[in-house]
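**Q** Submitted below is the structure of interest, expressed as structure tokens.
No value in this document is a laboratory result; all are computed from the given coordinates. The structure displayed is predicted, hence computed values, not measured ones. Cβ placement follows ideal geometry from the backbone for every residue including glycine, while neighbour counts extend to all protein chains displayed.
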Amino acid sequence: MEKTKGIVTDYKDICFFCGKPAEGEHHLLFGNGRRKLAEEDGLKVPACNQCHTLGSVTGRIHDNPMAEKLSKILGQAVFELKIGDRQDFMARYGKSYL
């Protein structure tokens, strides 16, 4: 399956969180099959390994409850801005984060 381009930022090689070179990407919506949908919708951002999964709990996205919640809020906001409305989001992702 070919990866889609993210629709959140045009800077695909720069970590969205710290500005260092990105080594991977973070799907703004994840868990319960949402990662695949986020990939299809382009709801992802470039991320360095430290900001994504390897940094301290307060310095990374995964396993940080506040960062994970903000990630999902941003994913929904971008969906509603560029793809569809809140009803469309809820139908596709099963709930609203806003």
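**Q** Select from segment 43-59 the residues that are part of a loop (DSSP other than H, G, I, E, B) and either in contact (Cβ under 8 Å) with a residue 24 or more places away in the chain or in contact with a strand residue (DSSP E or B) (Cβ under 9 Å, 6 or more places away or on another chain) (or both) and write down the one among them that is surrounded by the most Cβ atoms within 10 Å (Cβ to Cβ). Give the derivation first.
**A** Filtering segment 43-59 down to residues part of a loop (DSSP other than H, G, I, E, B) leaves 43, 48, 55-56.
With either in contact (Cβ under 8 Å) with a residue 24 or more places away in the chain or in contact with a strand residue (DSSP E or B) (Cβ under 9 Å, 6 or more places away or on another chain) (or both) added as a condition, the list becomes 43, 48.
Values: Leu43: 30, Cys48: 22.
In this case the residue turns out to be Leu43.
**Q** Tell me which of these Thr9 doesn't satisfy, since it passes every other one: (1) outside any helix (DSSP H, G or I); (2) surrounded by fewer than 14 Cβ atoms within 10 Å (Cβ to Cβ); (3) β-branched (Val, Ile, Thr); (4) out of contact with any strand residue (DSSP E or B) (no Cβ under 8 Å at 6 or more places or on another chain).
**A** (4)
**Q** Out of all the residues in segment 23-36, is one or more surrounded by 14 or more Cβ atoms within 10 Å (Cβ to Cβ) and assigned to a helix (DSSP H, G or I)? Steps first, please.
**A** Looking only at segment 23-36, we keep the residues that are surrounded by 14 or more Cβ atoms within 10 Å (Cβ to Cβ), and these are 23, 25-30, 34-35.
The next check asks that each one be assigned to a helix (DSSP H, G or I); those that pass are 34-35.
Scanning segment 23-36 turns up at least one residue that is surrounded by 14 or more Cβ atoms within 10 Å (Cβ to Cβ) and assigned to a helix (DSSP H, G or I).
**Q** Applying the selection to segment 61-96, what residues are assigned to a loop (DSSP other than H, G, I, E, B), under 13 Å from the mean Cα position of the chain (by Cα) and either free of Cβ contacts under 8 Å to residues at least 40 places away in the same chain or loosely packed, with under 14 Cβ neighbours inside 10 Å (or both)?
**A** Keep residues of segment 61-96 that are assigned to a loop (DSSP other than H, G, I, E, B), which gives 61-64, 83-85, 94-96.
Right, trim to under 13 Å from the mean Cα position of the chain (by Cα) and you get 61-62.
Selection gives His62 alone.
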